[in-house]
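Down below is the structure, laid out as structure tokens.
The values are calculated or read from the model by the stated rules, or taken from the named source; none is laboratory data. Computed from a predicted model, the values in this text were never measured in an experiment. Please note: Cβ atoms are built from the backbone with ideal geometry, for glycine as well, and neighbour counts cover all protein chains shown.
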Amino acid sequence: MTTPMRIAVTGSTGLIGTALVGQLKAEGHTVQRLVRRKPNSSEEVQWDPAAGTIDLAALEGVDAIIHLAGAGVGDKRWNTKYRATILNSRLLGTTTIANAVTTLKPKVFISASAIGFYGETGNRAVVETDRGGEEFLSAVCREWEAAADLAVGVRTVKIRTGLVLDPTGGALGRILPIFRLGLGGKLGSGKQWWSWITLHDEIKAIMHCLTADISGPVNLTSPNPVTNQEFTGTLARALHRPALFPVPGFALKILIGGFSSEILGSAKVLPKALQDSGFVWDYPHLTTALEALTE
């Protein structure tokens with residue numbers, strides 16, 4: 001049984017943050033959620049990432065800080081203004097939290113990143129020690145992680161999250177209704193690698209990072225990435241529907257703009273650090289994962 005901890009969390013209302021806070025509380029931990037507005041209860045702590053301010057007194061003695069906040073990369077079209085929003089929301093927020101970590105000295109600092117760090121990998125498998133890519137999100141992730149590294153004297157884990165699967169949100173939440181109607185199919189060529197993880201295992205992995213002897217970049221993905229064609233075919237079978245309607249790459253680019261590069265790009269990412277630390281996935285294979293998520 002894990003010793004109860006006091007844990008501060010940013011980004012607590014997102015897909016991952018909501019599930020994480022619920023699990024932390026279920027396991028007996030005390031959670032303090034960082035919010036931008038005036039706090040409504042003792043569970044909330046005010047911060048302003050743009051101004052670089054945070055209520056340090058309210059966080060005195062905290063055991064861990066988990067930083068998940070950042071503008072959604074798939075929420076809006078990537079015009080020049082929104083690209084700046086994506087980058088600045090990560091840099092300003094992470095710098096503010098890293099400075100707080102240096103002052104507060106919790107046992108561990110877990111800061112979000114993404115497998116977008118690696119950019120286009122084609123059929124080449126990459127692990128945490130491999131170099132980053134040259135794409136927009138690769139540059140964002142590099143700067144994002146560099147901001148996390150401003151935390152001094154505290155074990156820091158930078159979680160490079162893959163495609164998080166849950167029917168309530170994210171990519172799966174968006175495409176499920178289409179596939180349930182039997183209108184789904186591969187996206188683009190279908191040959192691009194998708195490195196995925198269930199929301200369940202994502203939360204389990206973050207909890208693992210709280211106490212495991214692990215630091216630096218950690219890929220939060222399943223050990224079994226699949227091609228998009230395999231993914232969409234497996235999803236269709238789990239739903240007992242056909243997958244006959246491929247979406248051409250050019251159509252995706254028209255529909256969603258810059259984020260299409262993440263869907264059409266290939267990222268074959270392996271979770272070596274997690275495996276080396278003894279982590280065990282409950283859903284390492286896509287078939288059982290999608291069957292559980294589409295029941």
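Regarding R83, is this residue of a type outside the set (A, V, I, L, M, F, W, C), surrounded by fewer than 22 Cβ atoms within 10 Å (Cβ to Cβ) and either touching a Pro at 6+ places or on another chain (Cβ under 9 Å) or not in a helix (DSSP H, G or I) (or both)?
Details: of a type outside the set (A, V, I, L, M, F, W, C): yes; surrounded by fewer than 22 Cβ atoms within 10 Å (Cβ to Cβ): yes; either touching a Pro at 6+ places or on another chain (Cβ under 9 Å) or not in a helix (DSSP H, G or I) (or both): no.
No; evaluated as a whole, the condition is false for this residue.
Scan the range 40-80 residue by residue and report those that are touching an Asp or Glu at 6+ places or on another chain (Cβ under 9 Å), buried (at least 16 other Cβ atoms within 10 Å of the Cβ) and farther than 15 Å from V101 by Cα.
V73 - this is the single residue of the range 40-80 that is touching an Asp or Glu at 6+ places or on another chain (Cβ under 9 Å), buried (at least 16 other Cβ atoms within 10 Å of the Cβ) and farther than 15 Å from V101 by Cα.
Let me confirm something: among L210, L176, L165, L137, which residue is within 15 Å of A289 (Cβ to Cβ) and within 18 Å of the chain's Cα centre (by Cα)? Show your work before the answer.
Numbers: L210 fails: within 15 Å of A289 (Cβ to Cβ); L176 fails: within 18 Å of the chain's Cα centre (by Cα); L137 fails: within 15 Å of A289 (Cβ to Cβ).
Checking each option against the conditions leaves just L165.
Based on what the data block shows, is V62 touching a residue at least 12 places away in the same chain (Cβ under 8 Å) and under 21 Å from T156 (Cα atoms)? I'd like the intermediate steps shown before the answer.
On the way: touching a residue at least 12 places away in the same chain (Cβ under 8 Å): yes; under 21 Å from T156 (Cα atoms): yes.
For V62, the condition - touching a residue at least 12 places away in the same chain (Cβ under 8 Å) and under 21 Å from T156 (Cα atoms) - is met.
Given the residues A112, A84, which is the only one that is within 28 Å of T211 (Cβ to Cβ) and of a type outside the set (V, I, T)?
On the way: A84 fails: within 28 Å of T211 (Cβ to Cβ).
Answer to the selection: A112.
So which pairs qualify, if the first residue must be in the range 217-235 and within 9 Å of W194 (Cβ to Cβ) and touching a residue at least 12 places away in the same chain (Cβ under 8 Å), the second must be assigned to a helix (DSSP H, G or I) and among the hydrophobic types (A, V, I, L, M, F, W, C), the Cβ gap must be under 7 Å, and the two must be at least 6 apart or on different chains?
Here the result reads V226/L286; F231/L286, each pair linking the range 217-235 to a residue that is assigned to a helix (DSSP H, G or I) and among the hydrophobic types (A, V, I, L, M, F, W, C).
Looking at the structure I just gave you, is G70 within 18 Å of the chain's Cα centre (by Cα), in contact (Cβ under 8 Å) with a residue 60 or more places away in the chain, within 22 Å of P217 (Cβ to Cβ) and in a helix (DSSP H, G or I)? Explain how you work it out, then say what you get.
Working: within 18 Å of the chain's Cα centre (by Cα): yes; in contact (Cβ under 8 Å) with a residue 60 or more places away in the chain: yes; within 22 Å of P217 (Cβ to Cβ): yes; in a helix (DSSP H, G or I): no.
Judged against the criteria, G70 is not a match.
Here is a check on your reading of the model: is A84 of a type in the set (A, V, I, L, M) and modelled with pLDDT of 95 or more?
It is false that A84 is of a type in the set (A, V, I, L, M) and modelled with pLDDT of 95 or more.
For the range 57-97, which residues satisfy the criterion of being of a type in the set (S, T, N, Q) and in contact with a helix residue (DSSP H, G or I) (Cβ under 7 Å, 6 or more places away or on another chain)? Steps first, please.
The first filter runs over the range 57-97 and keeps only residues of a type in the set (S, T, N, Q), leaving 79-80, 85, 88-89, 94-96.
Selection gives T94, T95.
If I filter the range 198-216 for residues that are among the polar types (S, T, N, Q), crowded, with 19+ Cβ neighbours inside 10 Å and in a loop (DSSP other than H, G, I, E, B), do I get at least one hit? It would help to see each step written out before you state the result.
Of the residues in the range 198-216, the ones among the polar types (S, T, N, Q) are 198, 211, 215.
Now restrict to residues that are crowded, with 19+ Cβ neighbours inside 10 Å: 198.
Subset that is in a loop (DSSP other than H, G, I, E, B): none.
No - not one qualifying residue is present in the range 198-216.
Output the qualifying pairs, or none if there are none: Cβ atoms under 7 angstrom, residues six or more apart or on different chains, first residue in the range 7-19 and without any contact (Cβ under 8 Å) to a residue 60 or more places away in the chain and more than 15 Å from T198 (Cα to Cα), second residue of a type in the set (S, T, Y) and surrounded by fewer than 19 Cβ atoms within 10 Å (Cβ to Cβ).
Qualifying pairs under 7 Å: S12/T18.
Output yes when any residue across the range 4-20 is surrounded by fewer than 17 Cβ atoms within 10 Å (Cβ to Cβ) and touching a helix residue (DSSP H, G or I) at 6+ places or on another chain (Cβ under 7 Å), and no when none is.
Scanning the range 4-20 turns up no residue that is surrounded by fewer than 17 Cβ atoms within 10 Å (Cβ to Cβ) and touching a helix residue (DSSP H, G or I) at 6+ places or on another chain (Cβ under 7 Å).
Which number in (1) more than 24 Å from T30 (Cα to Cα); (2) assigned to a helix (DSSP H, G or I); (3) modelled with pLDDT of 95 or more marks the one condition that A100 misses?
Among (1) more than 24 Å from T30 (Cα to Cα); (2) assigned to a helix (DSSP H, G or I); (3) modelled with pLDDT of 95 or more, A100 violates only (1).
With respect to R155, determine if the residue is among the basic types (K, R) and either over 18 Å from the mean Cα position of the chain (by Cα) or within 28 Å of S277 (Cα to Cα) (or both).
Working: among the basic types (K, R): yes; either over 18 Å from the mean Cα position of the chain (by Cα) or within 28 Å of S277 (Cα to Cα) (or both): yes.
Yes: the conditions hold for R155.
Say whether the condition of being surrounded by fewer than 18 Cβ atoms within 10 Å (Cβ to Cβ) and outside any strand (DSSP E or B) is met by at least one residue in the range 114-122. Lay out the reasoning, then the answer.
First pass over the range 114-122, keeping only residues surrounded by fewer than 18 Cβ atoms within 10 Å (Cβ to Cβ): 120, 122.
With outside any strand (DSSP E or B) added as a condition, the list becomes 120, 122.
Yes, the conditions are met somewhere in the range 114-122.
Would you tally the residues in the range 20-47 being closer than 21 Å to N88 by Cα and either in a helix (DSSP H, G or I) or free of Cβ contacts under 8 Å to residues at least 24 places away in the same chain (or both)?
So the answer is 4.
Looking only at the range 243-259, how many residues end up being modelled with pLDDT under 75 and touching a strand residue (DSSP E or B) at 6+ places or on another chain (Cβ under 9 Å)?
Step one: of the range 243-259, the residues modelled with pLDDT under 75 are 249-259.
If we keep only those that are touching a strand residue (DSSP E or B) at 6+ places or on another chain (Cβ under 9 Å) as well, we get 249, 252, 255.
Qualifying residue count for the region: 3.
Any chance you could count how many residues in the range 130-163 are part of a strand (DSSP E or B) and at pLDDT below 95?
Adding up the residues that qualify gives 1.
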